[in-house]
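Written below as C-alpha cells is the structure these notes are about.
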Amino acid sequence: MHISRLEVHQVRNLKQVAIDLHSAANVVYGINGSGKTSFLEALHLLGRGKSFRHRDLRLVINHDASDLIVSAKVERQSPPRTHQLGVKRTRNGHFMARMDGENLQSAVQLAAIIPLQLIDAHSFNLLEGGPLQRRQFLDWGVFHVEPSYTDLWRRFQKTLKQRNQLLRHGRMDEDSLRIWTAELIPLSEAITKYRQEYLIGLADHVAAVAEKFDGLGLLSVEYYRGWRDDCSLSEVMTGDVARDKLVGTTSHGPQKADLKIKVDGILASDSLSRGQIKLLVYALKLAQATYYRSKMGESCLFLLDDLPAELDHRHRRQVIDCLYDLDCQFFVTGVDKHDFDGLVRENAHKMFYVEHGAMVAS
Ligand SMILES: Nc1ncnc2c1ncn2[C@@H]1O[C@H](COP(=O)(O)OP(=O)(O)OP(=O)(O)O)[C@@H](O)[C@H]1O
Ligand SMILES: [Mg+2]
C-alpha cells in the first residue's frame with residue numbers, strides 16, 4: 001500500500017501542508033525545529049489514531065488552533081483499491097476517523113488499512129526497555145496477519161480487568177473469581193497460540209533480513225508466554241491464587257509475556273553497542289514487514305526519524321535497499337539532504353524541504 005496524497009492541518013508547527021508523495025522513498029529534510037518529526041507525527045496519527053510522542057493529543061494540535069486534521073488518499077494493492085482516509089482531533093477531546101465518507105468505530109480500523117512501522121530515537125527501547133514494548137511489537141505482527149486477533153485481544157483485556165477488579169476488592173466473592181478465572185484461561189491460551197505461531201512464521205524472515213546487515217550475527221527470538229513452561233496456566237493460577245489476592249492483580253498469563261531477543265546466543269541488550277541495537281530494531285521491523293507481505297500480499301509503510309543520526313552510511317544503505325526490495329513506501333527525515341546522496345534510488349524518490357512548518361518538494 002502507499003499514500004499518494006497527504007493533507008495536514010495544524011499538526012504541531014505544520015499549519016497547512018498538501019503534498020503528492022512518492023510510492024517508494026520520501027525524504028524530508030530541514031534544520032532542527034523545522035517540522036520533520038511533526039510530519040511523521042501526522043502520518044502516525046493517520047495510521048494509528050495516536051501520537052508516538054504524547055499521550056495527550058492536545059499537545060499535538062498547533063498552539064493557535066482548535067483542532068487538527070490529517071487526510072490522505074491511500075492506494076491498496078491487495079485487493080487494488082483507493083481509499084480516502086481522514087482523522088480529526090479537537091482541543092476539547094473529540095476524535096473522529098473517517099474512511100470513504102463513513103465514520104470509523106475505532107483507530108483499529110485505521111491500523112488495518114495502514115500497516116505502519118515507526119523507528120525513531122526511542123526505538124532502542126524495544127530491546128532495552130520493559131516487556132510491554134516487546135509485547136506491542138509482537139501484537140502488531142499478530143494483529144496484521146490474524147484478523148480475529150483484535151476481537152480475541154479485547155475479550156481477553158475485558159476479562160482480565162474484571163478478574164483484577166475482583167482481586168482488588170476487599171471482600172472476595174470466591175465464586176465470581178472462579179468464573180472469571182475459568183473464562184480467562186482459554187482466552188489466554190488462544191492469545192498464546194497465535195503469538196507462538198506468529199513467531200514461528202517470523203523466524204525465517206528475521207534470519208533472512210539479519211543476513212543482509214553485516215556485523216549483526218545470528219539472531220534468535222524466544223517467547224516467554226507469561227507463565228512457567230512445565231505447567232498449564234490453570235495449574236499456575238490455582239497454585240498462585242493466594243498471591244494474586246495479596247498483590248491484587250493476575251500474576252500470570254499473556255499480559256506478562258516477553259521476548260528474549262538474542263544475538264549469537266547472548267541477550268542483545270547485554271552485548272550489543274547502541275548502533276548495533278538500532279540496527280537490530282530495523283532488522284526486526286523489516287522482518288515483520290517481509291512476513292506481512294508474504295502472508296497478506298501487501299507492503300508496509302515505514303517512518304524513519306533521523307536515519308542519518310542513527311546508523312553509519314553502510315548500514316543506512318542496507319536498510320534503504322531492504323525497504324526498496326520490499327516495495328515499502330517510506331518516509332525518512334534528516335537535517336542535510338546530502339546525507340541521502342547515493343542512498344535513495346535515482347528515479348524512485350521525492351525530496352521535501354521543510355522550513356518553519358512549510359513543506360515544498362525540492
Ligand atoms: N503544539 C504545537 N504547536 C506549534 N508548534 C509546536 C507544537 N509542538 C511542537 N511545536 C514546535 O514544532 C517545531 C517542529 O518540531 P519537530 O519536532 O517537528 O522538529 P524537527 O524538524 O523534527 O527538528 P529536529 O531536527 O530537532 O528533530 C518545534 O519548534 C516545536 O517547538
Ligand atoms: Mg525531529
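The values are calculated or read from the model by the stated rules, or taken from the named source; none is laboratory data. Quick caveat, the model's predicted, so the values are computed rather than measured. Here the Cβ is made from the backbone with ideal geometry for all residues, glycine too, and neighbour counts use every protein chain on show.
Please enumerate the residues belonging to the range 274-325 that are touching a helix residue (DSSP H, G or I) at 6+ places or on another chain (Cβ under 6 Å) and of a type in the set (S, T, Y). Across the range 274-325, the qualifying residues are Y282, T290, Y291, Y292, S299.
The sole residue among G86, G33 that is away from ligand 1 (no atom under 15 Å from the Cβ), at pLDDT 95 or above and either in contact with a Cys (Cβ under 6 Å, 6 or more places away or on another chain) or small (G, A, S) (or both) is G86. For the range 44-79, taking the residues that are within 12 Å of ligand 1 (Cβ to nearest atom) and among the aliphatic types (A, V, I, L, M), the one that is surrounded by the fewest Cβ atoms within 10 Å (Cβ to Cβ) is identified as L59.
Scanning the range 273-326 for residues that are assigned to a helix (DSSP H, G or I) and among the hydroxyl-bearing types (S, T, Y) yields Y282, T290, Y291, Y292, S294, Y324. Determine, yes or no, whether G334 is touching a helix residue (DSSP H, G or I) at 6+ places or on another chain (Cβ under 6 Å) and within 16 Å of ligand 2 (Cβ to nearest atom). Criteria met by G334. For the range 105-141, the set of residues classified as hydrophobic (A, V, I, L, M, F, W, C), farther than 23 Å from S273 by Cα and free of Cβ contacts under 8 Å to residues at least 40 places away in the same chain consists of A112 only. Where in the range 117-197 are there helices (runs of 4 or more DSSP H), lying fully within it, with 2 or more residues that are of a type in the set (K, R)? Fully inside the range 117-197 and qualifying: 131-145, 149-168.
Please state which of the following conditions V354 fails to meet, knowing it meets all the rest: (1) among the aliphatic types (A, V, I, L, M); (2) surrounded by 19 or more Cβ atoms within 10 Å (Cβ to Cβ); (3) in a helix (DSSP H, G or I). Condition (3) is where V354 drops out. Would you say F52 is aromatic (F, W, Y) and under 23 Å from D327 (Cα atoms)? Answer is no for this residue. Return the residue satisfying two criteria in turn: it lies in the range 80-113 and is closer than 21 Å to Q16 by Cα and of a type in the set (V, I, T), and of such residues it is surrounded by the most Cβ atoms within 10 Å (Cβ to Cβ). Once the filter is applied, the top-ranked residue is V87. H54 passes every criterion in (1) farther than 17 Å from A111 by Cβ; (2) at pLDDT 95 or above; (3) within 16 Å of ligand 2 (Cβ to nearest atom) apart from (2).
Taken over the range 215-261, the criterion of being touching a Gly at 6+ places or on another chain (Cβ under 6 Å) and touching a residue at least 40 places away in the same chain (Cβ under 8 Å) is satisfied by G253, P254, K256, A257. Looking at the range 4-41, which of its residues are within 16 Å of ligand 2 (Cβ to nearest atom) and touching a helix residue (DSSP H, G or I) at 6+ places or on another chain (Cβ under 9 Å)? V8, V11, R12, N13, L14, V17, V27, V28, Y29, G30, S38, E41 - these are the residues of the range 4-41 that are within 16 Å of ligand 2 (Cβ to nearest atom) and touching a helix residue (DSSP H, G or I) at 6+ places or on another chain (Cβ under 9 Å).
If I ask for residues that are outside any strand (DSSP E or B), surrounded by fewer than 18 Cβ atoms within 10 Å (Cβ to Cβ) and away from ligand 2 (no atom under 16 Å from the Cβ), which ones from the range 337-351 would you list? The answer is H338, D341, G342, R345, E346, N347, A348. Within the range 92-128, being of a type in the set (F, W, Y) and over 25 Å from D270 (Cα atoms) holds for one residue alone: F95.
Listed here are the residues, each with its yes/no results for (1) under 17 Å from the mean Cα position of the chain (by Cα); (2) surrounded by 14 or more Cβ atoms within 10 Å (Cβ to Cβ).
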| position | (1), (2) |
| --- | --- |
| G265 | no, no |
| S269 | no, yes |
| K278 | yes, yes |
| L301 | yes, yes |
| C328 | yes, yes |
| V332 | yes, yes |
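Of all the numbered requirements in (1) of a type in the set (V, I, T); (2) touching a His at 6+ places or on another chain (Cβ under 9 Å); (3) within 16 Å of ligand 2 (Cβ to nearest atom); (4) farther than 26 Å from A289 by Cα, I69 misses one, and that requirement is (3).
Out of T159, T150, T181, one residue alone is within 30 Å of A283 (Cβ to Cβ), among the β-branched types (V, I, T) and surrounded by 13 or more Cβ atoms within 10 Å (Cβ to Cβ). It is T150.
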